[in-house]
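Here's the structure we're looking at; comments come further down.
The values are calculated or read from the model by the stated rules, or taken from the named source; none is laboratory data. Since the structure is predicted, the reported quantities are computational estimates derived from the model, not experimental observations. Reconstructed Cβ throughout: ideal geometry from the backbone, glycine too, with neighbour counts over all protein chains shown. With ligands, DNA and RNA removed, areas are computed over all heavy atoms of the protein, side chains included. Shrake-Rupley method; radii C 1.70, N 1.55, O 1.52, S 1.80 Å.
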Amino acid sequence: LLSRCLLKMVKGNIVVPEEILSFCCNGLQGSTSPLRVQEPGEREEVPGAMASPLPTRNPTEVQMSQLVLPCHTNHRGELSTGQLLKWIDTAACLSAERHAGCPCVTASMDDIYFEHTISVGQVVNIKAKVNRAFNSSMEVGIQVSYEDLCSGKHCSICKAYATFVAQGPSSSKVKLKPLTPQTEEEKTEHSIAAERRRMRLVHKDTLKDLLIRSPRETELETRDGSVAVPAEKTRVESVELVLPPHANHQGNTFGGQIMAWMENVATIAASRLCHAHPTLRAIEMFHFRGPSQVGDRLVLKAIVNNAFKNSMEVGVCAEAYGQEMSISRRHINSAFMTFEVLDQEGRPRTLPMVAPEPGDGERRYREASARKKIRLDRKYVVSCKQTEVPLSVPWDQSNKVYLSYNNVSALKTLVAKANWALAREKEKVRMYTLEEDKFLSFRIEMSVRIAASQAFFLLSDLRRRHEWDSHYASAELVQQVDDDDMIYHVVSQTLSHENKPQDFVILASRRKPCSKGDPYVVAFRSVTLPTHPASAGFTRGETLCSGFCIWTESDEMSKVAYYNQATPGYLNYVTTNVAGLSSNFCATFEACEKFLLKNKEDLIVRLQDL
């Protein structure tokens, strides 16, 4: 206390009595510790702080805890999904506004899969934080769990990703400051956010492509002797008046409130088909096309698009209009919700078929089937943990976007790992290893006098890899999927235990930087193609995750890093090199450097022509 008083007196140019100054400098009760005056701006040291430093918390993180009351629940005493969506949207919006420093509006909400229901008396815990800020939009990651206060049990409910747009005066867009991730988890989410954004943008094209390739016949069948129910009987239309409690501080209707109203009419439509109380299992992406304000009338429409054996898809849309009916309605939002009906044992019941209306009804029927295929592929490929994804996933037009996403995101996840250990360093080449779970991963990197864009162009073409990698015999381009994804049939020089050369069918996905500081990425993973089955002359090999990341160091310098997550079939080769610190890795990478330097001059001319 005396020390603080002395500091204030010194700062205020107040004369300090000699007795006080002597007492403070000599310490209390014979202490020999001299007085240390805290400098302006210096943080006061907390006892024990050095021994156990507090973890750094993401400044955009928002935590919300809500006790589930009877007014929040449905007839079964379970939390209404609409109420949960309102809480999710509110927490995500608060997180977005923390980063933006200005009002934000919901632009979209990605697919949500609900794993469990929540009962009265339990606590909903929601954690939201900004994963990445782009130009004027940002991705917010939301984790939802419940807590049973009596048993202390915690359980995950769902994980969601929402996109928010920052708005300035007169609804003008605001340029956002970049977000710097700190932890390994934050770096992974920050890197993969660019891939999720890309996947959102191509979602409609994926659906259109699948519809073109799928048969146009609409199958009408019965189950258990039941007659198909006309879809028209499930149609619901309801109107809501937007009042001040439904709006945010800008006067716009809460996105979560609109989602809750949409969930309500969708539930009614599903109930009309099954004559029971359905359970919402999944929501396909909400996309907000425009705002609505206090005083607007929202018209909510829902209809069952298609009913499968144990689930049904309900399409729902929201339109807005003002007081004058003469003004045309504005399309606000559309979404597709998947419902199940559970029996007393909690198992999904068999549902009756739906007979679609001619015209638009048949179109919605076919689109629902296509969305189910995409949804299953996406859940299988994207939502699985890395250890659950099979090495070679069958390649199909319906899952090409999600296999590409999984390919790139797996490599970015490996890059973000923090526990890499330096195994060998030879001149400019450094080799690192990472041991975790069932995988042994390695990273080899060096700096090369070549522009990152040039190295990216040369290393992304597997047909030229044999020029510097002695393990490659040849690579044939089997399918040019699009500008960023190619499928190759690769033949290796390495002999298997069967004394036969190995071959691979590899998906190569390449990405240019999304923003400054991002690397160029070339990711590889195995896929299976009906046109290239395993043959007797080769031993079919598989790779789960490998590829290049290339960072710009200057206009003429780049850091090139190669990553490989070794699979059981590749472990023998990797273990031999790592255990013996063989120079094979370093020699291959040195050959890679020579290849890049040799071809960069020719490439400059080619890139200028492009």
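All but one of (1) within 27 Å of Gly346 (Cα to Cα); (2) in a strand (DSSP E or B) hold for Ala162; state the number of the condition that does not hold.
Of everything listed in (1) within 27 Å of Gly346 (Cα to Cα); (2) in a strand (DSSP E or B), Ala162 misses just condition (1).
Inspect the range 143-159 for any residue being among the basic types (Lys, Arg) and open to solvent by 40 Å² or more (accessible area, probe 1.4 Å) and give the result as yes or no.
Checked against the condition, which is being among the basic types (Lys, Arg) and open to solvent by 40 Å² or more (accessible area, probe 1.4 Å), the range 143-159 yields at least one hit.
Of the residues Asp503, Asp518, only one is of a type in the set (D, E, K, R), in contact with a His (Cβ under 7 Å, 6 or more places away or on another chain) and surrounded by 15 or more Cβ atoms within 10 Å (Cβ to Cβ); which?
Asp503
What pairs can you find where one residue is in the range 244-260 and over 21 Å from Asp110 (Cα atoms), the other is of a type in the set (D, E, K, R) and open to solvent by 10 Å² or more (accessible area, probe 1.4 Å), and their Cβ atoms are less than 9 Å apart, with a gap of 6+ or different chains?
His246/Glu240
Report yes if some residue within the range 278-288 is assigned to a strand (DSSP E or B), over 18 Å from Ile112 (Cα atoms) and modelled with pLDDT of 90 or more; otherwise report no.
Checking the range 278-288: not a single residue is assigned to a strand (DSSP E or B), over 18 Å from Ile112 (Cα atoms) and modelled with pLDDT of 90 or more.
How many residues are part of a strand (DSSP E or B), buried (at least 18 other Cβ atoms within 10 Å of the Cβ) and modelled with pLDDT under 95 when one looks only at the range 108-131?
Residues meeting the conditions: 3.
For the range 456-500, which residues satisfy the criterion of being open to solvent by less than 50 Å² (accessible area, probe 1.4 Å) and among the aliphatic types (A, V, I, L, M)?
Leu458, Leu459, Leu462, Ala473, Ala475, Val478, Val481, Met486, Ile487, Val490, Val491
Just to check your reading of the model, which residue among Val316, Val265, Val299 is out of contact with any Phe, Trp or Tyr (no Cβ under 6 Å at 6 or more places or on another chain), assigned to a strand (DSSP E or B) and farther than 18 Å from Asp110 by Cβ?
The match here is Val299.
Being within 27 Å of the chain's Cα centre (by Cα) and either more than 19 Å from Glu186 (Cα to Cα) or surrounded by fewer than 20 Cβ atoms within 10 Å (Cβ to Cβ) (or both) is the filter here, so list the residues in the range 411-431 that pass it.
Within the range 411-431, Thr413, Val415, Ala416, Lys417, Ala418, Asn419, Trp420 meet the criteria.
List every residue pair whose Cβ atoms lie under 7 Å apart, where the two residues are 6 or more positions apart in sequence or sit on different chains, the first residue falls within the range 325-349 and is among the acidic types (Asp, Glu), and the second residue, located anywhere, is open to solvent by less than 90 Å² (accessible area, probe 1.4 Å) and at pLDDT 85 or above.
Qualifying pairs under 7 Å: Glu340/Pro278; Glu340/Thr279; Glu340/Arg281; Glu340/Asn310; Glu340/Ser311; Glu340/Pro348.
Considering only the range 76-107, state which residues are on the phi > 0 side of the Ramachandran plot and in a strand (DSSP E or B).
none
Give the residue, chosen from Ser447, Ser453, that is assigned to a strand (DSSP E or B), open to solvent by 10 Å² or more (accessible area, probe 1.4 Å), modelled with pLDDT of 90 or more and closer than 30 Å to Glu601 by Cβ.
Ser447
Conditions first: (1) open to solvent by 30 Å² or more (accessible area, probe 1.4 Å); (2) in a helix (DSSP H, G or I); (3) touching a strand residue (DSSP E or B) at 6+ places or on another chain (Cβ under 6 Å). Glu367 passes all but one, so which condition is the exception?
All conditions are met except number (3).
Pull out all pairs, ordered by first then second residue, where Cβ-Cβ is under 7 Å, the residues are six or more apart or on different chains, the first lies in the range 533-548 and is at negative phi, and the second is outside any strand (DSSP E or B) and basic (Lys, Arg).
Cβ pairs passing all conditions: Gly537/Lys500; Phe538/Lys500; Thr539/Lys500.
Suppose the filter is surrounded by 18 or more Cβ atoms within 10 Å (Cβ to Cβ), under 26 Å from Thr117 (Cβ atoms) and not aliphatic (A, V, I, L, M); does Gly346 pass it?
No.
Of everything in the range 295-324, what is open to solvent by 70 Å² or more (accessible area, probe 1.4 Å) and touching a residue at least 40 places away in the same chain (Cβ under 8 Å)? Give them in sequence order.
Residue satisfying the conditions is Lys309 alone.
Please give the number of the condition Lys385 fails out of (1) open to solvent by 30 Å² or more (accessible area, probe 1.4 Å); (2) modelled with pLDDT of 85 or more.
Exception for Lys385: condition (2).
Kindly indicate the residue of the range 565-595 that is under 21 Å from Phe504 (Cβ atoms) and modelled with pLDDT of 90 or more and also surrounded by the most Cβ atoms within 10 Å (Cβ to Cβ) among those meeting that condition.
Going through the qualifying residues, I end up with Cys592.
When you check Arg510 against the structure, is it among the basic types (Lys, Arg) and more than 27 Å from the chain's Cα centre (by Cα), yes or no?
Here the answer is no, as Arg510 does not meet what is asked.
Suppose we filter the range 238-260 for residues that are surrounded by 23 or more Cβ atoms within 10 Å (Cβ to Cβ) and of a type in the set (A, V, I, L, M, F, W, C); how many remain?
2
Scanning for something assigned to a loop (DSSP other than H, G, I, E, B), under 24 Å from Trp420 (Cα atoms) and among the hydrophobic types (A, V, I, L, M, F, W, C), does the range 533-544 turn up at least one residue?
Scanning the range 533-544 turns up at least one residue that is assigned to a loop (DSSP other than H, G, I, E, B), under 24 Å from Trp420 (Cα atoms) and among the hydrophobic types (A, V, I, L, M, F, W, C).
Which pairs have Cβ atoms under 7 Å, sit 6 or more apart or on different chains, and link a residue in the range 464-478 that is free of Cβ contacts under 8 Å to residues at least 40 places away in the same chain to one that is among the basic types (Lys, Arg)?
Correct list of pairs: Tyr472/Arg465; Ala475/Arg463; Ala475/Arg465; Leu477/Arg463.
Inspect all residues belonging to the range 433-440 and state whether any of them is touching a Cys at 6+ places or on another chain (Cβ under 9 Å), surrounded by fewer than 20 Cβ atoms within 10 Å (Cβ to Cβ) and in a strand (DSSP E or B).
Yes, the range 433-440 contains a residue that is touching a Cys at 6+ places or on another chain (Cβ under 9 Å), surrounded by fewer than 20 Cβ atoms within 10 Å (Cβ to Cβ) and in a strand (DSSP E or B).
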